[in-house]
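Remarks on the structure that follows.
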Amino acid sequence: MSLNAALFAKAQRFIPGGVNSPVRAFRSVGGAPRFFAKGSGARFQDVEGREYLDYVGSWGPLILGHAHPEVVAAVQEAAERGLSFGAPTEAEIELAELLCRLVPSMEMVRLVSSGTEATMSAIRLARGYSGRDLLVKFEGCYHGHSDSLLVKAGSGLLTFGNPSSGGVPADIARHTLVLPYNDPEALTDAFARHPDAIAAVILEPVAGNMNLIMPRPEFLDACRELTARHGATLIFDEVMTGFRVGLGSAQGLYGITPDLSTFGKVIGGGMPLAAFGGKREIMEKISPLGPVYQAGTLSGNPLAVAAGLATLRLVEADGFYETLSARARRLCEGLCQAAEKHDAPFSAQSVGGMFGLYFAPTPPASFAEVMASDAAAFNRFFHAMLDAGHYFAPSAFEAGFVCSAHSEEDINATVEAGEQFFAAL
């Protein structure tokens, strides 16, 4: 038995499924997950000493790669001053000010510790601000594991949601309306049926949790226009896209100004940090200024704030996103060319430092189209690339990520490994 397999067997005795987040268990692709020991730049190494080019990047945060020296130094310096205070620090103000400068839609921001906490708080705030209960989300978008968001679509496009997880009361799920992504007509119908009941519409402006799904411009425009017309709050969940698709995040890229936004991943530089923010008049409804309660012992943790500040200052460098985007495009174009050479049904696309790989002739635009892709072919691809030392997300339904540490040579090596896979089909 390999050391990875032995550790997985041991982990399953003490940790449900052997992992602390479900997708890590490799249930979707089969086999034993790799247990990692260290990383540097675009590479990391498992406990058996095997090295991999990493295209997961801790699921997005590591835009600078593993153990970037300036980020590590910032965390070390912060740790020497104290791990946690449970009280305000000056660095929190610096980070909040920087976030508001880089994302003009945010006039005020509250720091939290996870993307789930950020989206949960933003939804509570939107409901408290509007005095309404109904939430609209879109099929295939993931906004964390709070109760009102673990909801699947009902039997029709405009039916209320049903719980998609044990432990979620149906009475909570009924306050969430689930609509198809990229469908402005469905959203128009929802507001026609519930004109004065919808508190908020939440969406990933670029979906990354059903693989990478690009938004149709008319869809984003409808989200903004309809929420403004009906007095509902538009929430952009930029936990994944924030500072990943561009310095202005997805809202800057597409020119849409949401009322509230949530951020995570990149803003923590690999440490547990997230945020929600938006219009001052809405944010002032949060405790201690207003009646909407939110709190967190480790919110604004000094180590996480130090990592976030160091990361955001580095991504502000001239040309950072141009180079990052070029690397992601080269990866997608190279794999598509390799697949086309061998007549394999495959497509790929990227935006900023995010990319999607699909075993389908064209990139999908909805959850239903994602589900129609060939997941079994992806699983074969995943294991072939893993054996060749290229680590992709262990699921056909997750976006991938490049980092600034990926070199042209790294991308070329991955494309070459992909070509060998397609040639062997």
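The values are calculated or read from the model by the stated rules, or taken from the named source; none is laboratory data. Please read these numbers as outputs of a predicted model, since none were measured by experiment. Neighbour counts are summed over all protein chains in view; Cβ atoms, including those assigned to glycine, are modelled from backbone coordinates with ideal geometry. Remember, those area values only see protein heavy atoms, side chains included, never the ligands or the DNA or RNA. Shrake-Rupley method; radii C 1.70, N 1.55, O 1.52, S 1.80 Å.
Overview of values
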read-out	value
Carbon and sulfur %, accessible surface of segment 215-344 computed with the full protein complex present, 1.4 Å	51
Percent of Cα pairs exceeding the 23 Å cut-off, where the set is segment 1-84	36
Amide H contacts under 5 Å for Leu134, placed H, 5+ residues apart	Ala199
In nm, spacing of pseudo-spin labels at Glu416 and Ala9 (7 Å Cα→C-beta vector)	3.7
Label-to-label distance, nm, for residues given as Glu51 and Glu284 (7 Å Cα→Cβ offset)	5.6
Stretch gain in nm, segment Ala326-Lys38, where the contour uses 0.36 nm per residue and the Cα spacing is subtracted	101.0 nm
Probe 1.4 Å, accessible area per residue of the chain, Å²	42
Listed residue (Ala122, Thr89, Val168) projecting farthest to the positive dipole end of the chain, Cβ model	Val168
Rounded if a/c under 1.5, otherwise prolate or oblate - segment 24-130, Cα gyration tensor axes	oblate
Rounded if a/c under 1.5, otherwise prolate or oblate - segment 73-192, Cα gyration tensor axes	prolate
Highest average packing first - 44-52, 121-129, Cβ atoms within 10 Å	121-129, 44-52
Rounded to the nearest 10 Å², the accessible area of Asp54 at probe 1.4 Å	10
Full-stretch length increase - Glu316, Ala424 - with 0.36 nm per residue and alpha-carbon distance subtracted	34.6 nm
Protection-proxy order for peptides 220-233, 269-282, each taking the mean of Cβ atoms within 10 Å per residue, highest first	269-282, 220-233
Two-site FRET efficiency, Glu107 against Met371, from Cβ-Cβ distance with R₀ of 41 Å, rounded to 0.05	0.55
Computed over segment 274-425, Kirkwood Rh from alpha-carbon pairs, angstrom	18.2
Modelled FRET efficiency - R0 41 Å, Glu218 with Lys341, Cβ distances, 0.05 increments	0.70
Residues Gln76 and Arg193, FRET efficiency given R0 of 60 Å [Cβ-Cβ distance, rounded to 0.05]	0.65
Segment 158-272: C-alpha gyration tensor shape, a/c 1.5 cut-off, then a/b vs b/c	oblate
